[in-house]
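Below: one structure, written as structure tokens.
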Amino acid sequence: MIAITVSENKKNAKIESCFGKSEYFFIIDIHTKEPYFIKNSAKGLLKNSGKEAASFLIKKGVKTVISANFGVPVKEIFDKHKVQMVIISSKIKNLNDIKRIKNK
Amino acid sequence: MSRPVKPRKLLLPHKAISFVPKKEEGVCEESITLLSEEYEAIKLLDYENMTHLQAAKILNVSRPTLTRIYQRARNKIAESLVEIKTLKLEGGNSYMIENWYNCNVCDTIFNIPDSGVFNKCCPLCLSKSVNLFSNNSI
């Protein structure tokens, strides 16, 4: 499973620059090939929103996370659970810019 | 002769970038270079709100050294703001604790948590044109 941090639940949603503060996650299930959005329930938290969001995605079975920025506590959790982190370039602004999604 | 400076440890990579002030006339020619360890100190202390001790452990330096790096970074940012100079993020005496890879097609940076399954492919664009992200590109 792949998760991408996005600002809204639309196909051309902007990629969020901060993992923990992301509004939604765009999930791609590699087996079913069915993409869908999940709301980030940890977004409103004053503290540890990144950690909570990371634990939530791990429970969902996510193995690759795509975002513009990750914090150190998030990296520690992902390293522990062998989750791959992908830091996108500033050229990629929204979901439509990602070739892999375009091909779906 | 003074002791050589110990390289600082970085957990996450970041790209070389410049912050150019918008002037009413002409281009901003003067610039200041913010080193990778100075950028990391600002990120850990001011963005992630860590204590000096926590940040010092991550960078693998003593607490007083971290404070000096942080102070230098703040001085550079202040100089850039007040004297309207370009702030360039590049260079530094640091190393990454794990291998990160850079895609030559989409410019994405990624790690491989389980190196046994690495198939040399960008997780974003699926390009096979990837190389090791080095400190030289920071």
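Among A:Lys91, A:Lys43, A:Lys51, which one moves the most in a GNM of chain A with springs linking Cα atoms closer than 10 Å?
Evaluated over chain A, the most mobile residue of the options is A:Lys91.
Heavy atoms of the protein only, probe of 1.4 Å, neighbouring chains included. What is the accessible area of A:Phe70 in Å², nearest 10?
Spelled out: A:Phe70, probe radius 1.4 Å, area about 0 Å².
Sticking with the crude label model, points 7 Å out along Cα→Cβ, report the distance from B:Glu48 to A:Ile30 in nm, one decimal please.
About 2.7 nm, to one decimal.
At a 1.4 Å probe radius, which order do A:Val65, B:Val5, B:Val130 fall into by accessible area, largest first?
Sorted by accessible area, descending: B:Val5, B:Val130, A:Val65.
Can you find, among B:Leu53, B:Ile109, B:Ile32, the residue sitting farthest towards the positive end of the charge dipole of the range B:1-132, where Lys and Arg contribute +1 and Asp and Glu -1 at Cβ?
Most positive-ward Cα: B:Leu53.
For B:Ser2 paired with A:Ser7, estimate the spin-label separation in nm (one decimal), with each label point 7 Å from Cα along the Cα-to-Cβ line.
4.5
Work out the FRET efficiency for B:Leu132 and B:Asn60 from their Cβ-Cβ distance, taking R0 = 25 Å, and round it to the nearest 0.05.
With R0 = 25 Å, the Cβ-Cβ based efficiency is 0.75.
Summed for both chains, how many Å² of accessible area, to the nearest 100, are buried between B and A with a 1.4 Å probe?
Summing both chains' loss of accessible area gives about 2000 Å².
Could you tell me the distance between the Cα centroids of the range A:1-27 and the range B:6-39, to the nearest Å?
The range A:1-27 and the range B:6-39 have Cα centres separated by 27 Å.
To the nearest whole number, what is the average tally of beta carbon atoms from other chains within 10 Å of the beta carbons of peptide A:61-74?
The per-residue average across the peptide is 3.
Per-residue ellipticity at 222 nm for chain A, helices alone: DSSP H runs ≥ 4 residues times -39500 (n - 2.57), over residue total, nearest 500 deg cm²/dmol?
-6500 deg cm²/dmol
Mind ranking B:Tyr70, A:Tyr24 by accessible surface for me, highest first, 1.4 Å probe?
Ranked list, largest accessible area first: A:Tyr24, B:Tyr70.
Excluding ligands, DNA and RNA, what is the solvent-accessible area per residue of the protein assembly as shown at a probe of 1.4 Å, expressed in Å²?
Numbers: 13520 Å² over 242 residues.
That works out to 56 Å² for each residue.
Once R0 is set to 25 Å, what does the formula 1/(1 + (r/R0)^6) return for the Cβ-Cβ distance between B:Arg68 and A:Glu76, expressed as a FRET efficiency to the nearest 0.05?
Given R0 = 25 Å and the Cβ-Cβ separation, E is 0.45.
If R0 is 25 Å, what FRET efficiency do you get for B:Ala16 and B:Val82 from their C-beta distance, rounded to 0.05? Walk me through the intermediate numbers first.
On the way: r = 24 Å, r/R0 = 0.94.
The value I calculate is 0.60.
Any of A:Lys11/B:Lys43; B:Lys15/B:Lys85; A:Lys82/B:Lys9; A:Lys47/A:Lys91; B:Lys6/B:Lys88; A:Lys10/A:Lys60 with alpha carbons more than 25 Å apart? Name them for me.
A:Lys11/B:Lys43; A:Lys47/A:Lys91
Could you work out the local net charge near B:Lys85, counting Lys and Arg as +1, Asp and Glu as -1, over the other residues with Cβ closer than 10 Å to its Cβ?
Summing Lys and Arg as +1 and Asp and Glu as -1 gives -2.
Would you tell me the accessible area of B:Met96, worked out with a 1.4 angstrom probe on the heavy atoms of the protein chains, in Å² to the nearest 10?
For B:Met96, solvent-accessible area is about 30 Å².
At 7 Å along the Cα-to-beta-carbon direction for both B:Ile97 and A:Lys14, put a label point, then send me their distance in nm to one decimal.
Going by the 7 Å Cα→Cβ label model, 3.3 nm.
For B:Arg63, B:Arg3, B:Arg68, give me the order by solvent-accessible area with a 1.4 Å probe, most accessible first, ignoring ligands, DNA and RNA.
So the residues, ranked largest to smallest area, are B:Arg3, B:Arg68, B:Arg63.
I'd like the carbon and sulfur percentage of the solvent accessible area for chain A, probe radius 1.4 Å, heavy atoms only, ligands and nucleic acids excluded.
Its accessible area is 50 percent carbon and sulfur atoms.
What's the carbon and sulfur percent of the range B:1-105's accessible surface, probe 1.4 angstrom, rounded to a whole number?
The C+S portion of the solvent-accessible surface of the range B:1-105 is 52 percent.
The values are calculated or read from the model by the stated rules, or taken from the named source; none is laboratory data. If you're wondering where the values come from, they're calculated on a predicted model, not measured in any experiment. Neighbour counts run over all protein chains shown; Cβ positions are idealised from the backbone, glycine included. Remember, those area values only see protein heavy atoms, side chains included, never the ligands or the DNA or RNA. Shrake-Rupley method; radii C 1.70, N 1.55, O 1.52, S 1.80 Å.
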